[in-house]
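Encoded as structure tokens, the structure appears first; notes follow it.
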């Protein structure tokens, strides 16, 4: 049994075929499995390593360098609040701490602090599963998260893949 | 002072500018057709004549970079750098998401000029929407014969692969980007060999920024002479400045080199909010040293900036008014570099962490009497002399020296803000170092728990 769904096995093969060397597909494959499962398990690392022809240690060595990959399950909604310089002077830490307090006990929502989101003209800002939300107040940020929870907004995958496919890059 | 409309024209003026139909009806791919009818060397020559300089940060002349590829060595690759992570840079995001066909056209022209048949666009992992827009645009081009085995009905073939990173600022450095694209940890390589000789898969490789390539179609259609007539001395043409901070109208503005720093703030940004005074300006992203009000009448130009000890970098432009605490800003920048250090070079891996921690305790009133000297000493081990940061370094890439730039700026303009805090410090010199990953608000509790 593959860790990938049958549709994602096809996607994985297509991803690998894009590159002259299969190991180049490591990052896209980790995005694919994270969109599917919400995180990256040991079993996924082993299978992805086999797909590209490297050891599990090599694959994990690459993966662990990058902050977007989650080695434990997170909430269905990953809220990434930018606190970089311009955001900071516009109250980003108040929003980060407000969201952290509001969702501390909520298993659906994981709040994290991130470095520059490249949206510094519309601060404070956050991404929810890598979808941008800008010019926030704490109240509007909470409202947006609640809209995702209620299904009024459709979220991308945990790795930012398209909502309709549940997976990016393929 | 009007905004220029060269590379931002379509995305500002054409509805649904990211779709192929809208782009085609706006004249997209005409420049690519023209280039494909020219000799590749003639296309390279136009770009050289234009004087176009890389828009990713280093400002290296693009035509010269193209000329470094060794003759007769194939395959060779074009890698497009859309790993836009420099704090307060958000132009490549807009250019890619709003006008992907301008970028693809630039990639076609560059690939033709260079003899490349496979190009890779490396987008930062967080760019989900720009990735989707570009990916769809590439698919549409394949379906319409703009990409593939016969590009625009010629014998030239070209494939473009869209590739997302996964959260690592350092992958904007071109050799780290290549490592990452090969499926490795994104750590910079020692140069030489330069990517032009041995880059992706050890093959000759050109790495160009999104904005650089987005400019190329306009140079082909209107000529290198026309482009070099814009701008100021060796900084030719226009560039997109990502303006943010305490200005009334933050945003991306396409400006012509040759205006002043103050023009950018006043004419494009609408001045500082509430008419407040400017405390400092960071003109080239987190990696640059700072400017103060007295510097702002200087010309916005690569060489003038270098003369002021700053850089224009990726086009970032942060304006901070008198309410801003320079020590807090320096700490936040150091925290960024500490988080993003790849760990390959010891001075950077250890030094950025210490600069972060020392600034953090100074900021929160727990500085030790010798902390300012310690900061300069640690900074000097990354960037000898400190004041030359980020231009002098003991590391493979400029990330470590970039972390020293805010320290150098404190030294130059705001030393009193540091020393007064140390005078008022509430502890002696035996306080343990606190967790600098914590945020400002946790500071007191954090320190008390150690005491």
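None of the figures in this text is laboratory data; all of them are computed from the coordinates on show. What you are looking at is a predicted structure, and each value in this text was computed from that prediction instead of being measured. Please note: Cβ atoms are built from the backbone with ideal geometry, for glycine as well, and neighbour counts cover all protein chains shown.
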Original post:
Can you give me the Cα centroid spacing of region A:88-103 and region B:63-133 in angstrom?
Top reply: 35
Original post:
Once both labels are modelled 7 Å past Cα along the beta-carbon direction, what's the residue A:2-residue B:420 spacing in nm?
Top reply: 6.4
Original post:
So, in Å, what gap is there between the alpha-carbon centers of region B:365-387 and region A:1-66?
Top reply: 43
Subject >> Residue among A:95, A:144, A:158 with the largest mean-square fluctuation in a Gaussian network model of chain A, springs linking Cα atoms under 10 Å >> reply: A:144
**OP:** Under 1.5 on a/c is rounded, so check that first for the protein assembly as shown, then, if it is not, pick prolate when a/b is larger than b/c and oblate when it is not; a ≥ b ≥ c are the square roots of the alpha carbon gyration tensor eigenvalues.
**Re:** oblate
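Based on DSSP H runs of at least 4 residues, each adding -39500 (n - 2.57), what is the mean residue ellipticity at 222 nm of chain B after dividing by all its residues, to the nearest 500 deg cm²/dmol?
The helix contribution divided over chain B gives -12000 deg cm²/dmol.
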Original post:
Where both partners of a DSSP beta bridge lie in region B:9-229, what percent of those bridges are antiparallel, to the nearest 5?
Top reply: 10
**OP:** Averaging sequence separations of C-alpha pairs under 8 Å and six or more residues apart, then dividing by the length of chain B, give the relative contact order as a whole percent.
**Re:** 15
Original post:
Using 7 Å Cα-to-Cβ label points, what is the residue B:322/residue A:104 separation (nm, one decimal)?
Top reply: 3.9
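With a ≥ b ≥ c the root eigenvalues of the C-alpha gyration tensor of region A:77-150, is it rounded (a/c under 1.5), prolate (a/b larger than b/c) or oblate?
prolate
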Original post:
Relative contact order for region A:6-63 using alpha-carbon pairs under 8 Å, separation at least 6, rounded to a whole percent?
Top reply: 29
Original post:
In whole Å, what is the distance between the alpha-carbon centres of region A:107-124 and region B:247-322?
Top reply: 25
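What does DSSP give for chain B in terms of the percent of beta bridges that are antiparallel, rounded to the nearest 5?
45
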Original post:
At 222 nm, what helix-only mean residue ellipticity would chain A give, in deg cm²/dmol to the nearest 500, using -39500 (n - 2.57) for each DSSP H run of four or more?
Top reply: -12500 deg cm²/dmol
Original post:
Taking only Cα atoms, what is the 0 to 90° angle, nearest 10, from helix B:371-382's long axis to the longest principal axis of chain B?
Top reply: 30
Original post:
Which residue, A:12, A:141, A:46, tops the fluctuation ranking in a GNM of chain A built on C-alpha contacts under 10 Å?
Top reply: A:46
**OP:** Quick one: compute the contact order of region B:227-312, relative version, from alpha carbon pairs under 8 angstrom and 6+ residues apart, as a percent.
**Re:** 24
Original post:
Once both axes come from the Cα atoms, what is the angle between helix B:210-222 and the longest principal axis of chain B, in degrees from 0 to 90, rounded to 10?
Top reply: 40
Original post:
Rounded, prolate or oblate: which one fits region B:28-90, using the alpha carbon gyration tensor with axes a ≥ b ≥ c (rounded when a/c is under 1.5, else prolate when a/b beats b/c, else oblate)?
Top reply: prolate
Original post:
Say we join alpha carbon atoms closer than 10 Å with springs in a Gaussian network model of chain A; which of A:140, A:80, A:150 then has the biggest fluctuation?
Top reply: A:150
**OP:** Please give the helix B:346-363 orientation as an angle from the longest Cα principal axis of chain B, in degrees from 0 to 90, rounded to the nearest 10.
**Re:** 50
